[in-house]
1. Criterion first (at pLDDT below 95, surrounded by 12 or more Cβ atoms within 10 Å (Cβ to Cβ), assigned to a loop (DSSP other than H, G, I, E, B) and within 16 Å of the ligand (Cβ to nearest atom)) does Cys123 satisfy it?
2. Can you find even one residue in segment 78-86 that is at pLDDT 95 or above and either over 16 Å from Thr32 (Cβ atoms) or of a type in the set (Ser, Thr, Tyr) (or both)?
3. Look through Ser90, Ser62 and report the one residue that is assigned to a strand (DSSP E or B) and modelled with pLDDT of 95 or more.
4. Just to be sure I understand, how many residues within segment 70-92 are closer than 22 Å to Leu109 by Cβ and crowded, with 18+ Cβ neighbours inside 10 Å?
Amino acid sequence: MKTIIKNSLLVLLFISGTILLQSQRPADATATSIEIKTSAECTMCKTRLEKALNLTKGVVESNLDLKTRIVTVKYLPNKITPAKIRDIISRTGYDADEVKARPGAYKRLPECCRKNGMSGGSCEGK
Ligand SMILES: [Cu+2]
């Protein structure tokens with residue numbers, strides 16, 4: 001009889017522990033989206049920018065639309081702010097809304113990825 005009580009107590013402990021762990025995990029439902037206008041030129045820029053954003057803590061996912069140059073960033077507001085997201089983009093070498101690209105990072109971009117780089121042709125195949 002004692003073992004049954006002991007076992008059911010253990011099961012109860014395990015279940016409550018699992019519930020506790022799940023409630024501590026940041027829920028995807030709290031994520032917010034923001035659209036930021038960038039100065040990205042090509043698919044290389046897209047890869048570069050999305051990689052930088054996706055490696056950032058608090059960013060759930062990012063997607064850059066090359067036609068509009070607008071990056072949609074899904075993020076957790078309790079982990080990161082829109083200002084910080086624009087800063088990451090700026091540090092990667094691109095304008096982010098009113099925030100200008102960091103000159104140092106911009107200079108490190110391949111020539112075709114700089115502003116109006118596509119006017120001389122495509123970045124790809126270089
Ligand atoms: Cu590019």
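The values are calculated or read from the model by the stated rules, or taken from the named source; none is laboratory data. Every value quoted in this text rests on a predicted model; they were computed, and no experiment measured them. Note that we place each Cβ from the backbone using ideal geometry, even for glycine, and neighbour counts take in every protein chain shown.
1. Working: at pLDDT below 95: yes; surrounded by 12 or more Cβ atoms within 10 Å (Cβ to Cβ): yes; assigned to a loop (DSSP other than H, G, I, E, B): yes; within 16 Å of the ligand (Cβ to nearest atom): yes.
Answer is yes for this residue.
2. Yes - at least one qualifying residue is present in segment 78-86.
3. Numbers: Ser90 fails: assigned to a strand (DSSP E or B).
Going through Ser90, Ser62 in turn, the sole match is Ser62.
4. The initial filter retains those residues of segment 70-92 that are closer than 22 Å to Leu109 by Cβ, namely 70-73, 84-92.
Retained after the next criterion (residues that are crowded, with 18+ Cβ neighbours inside 10 Å): 71, 73, 85-86, 88-90, 92.
Looking only at that region, the number is 8.
Rundown of residues vs (1) within 16 Å of the ligand (Cβ to nearest atom); (2) of a type in the set (Gly, Ala, Ser); (3) more than 12 Å from the chain's Cα centre (by Cα); (4) within 18 Å of Arg102 (Cβ to Cβ), yes/no style:
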site: Cys42; (1), (2), (3), (4): yes, no, yes, no
site: Cys45; (1), (2), (3), (4): yes, no, yes, yes
site: Arg48; (1), (2), (3), (4): yes, no, no, yes
site: Ala52; (1), (2), (3), (4): yes, yes, no, yes
site: Thr56; (1), (2), (3), (4): no, no, no, yes
site: Val60; (1), (2), (3), (4): no, no, no, no
site: Leu66; (1), (2), (3), (4): yes, no, yes, no
site: Thr72; (1), (2), (3), (4): no, no, no, no
site: Tyr75; (1), (2), (3), (4): no, no, no, no
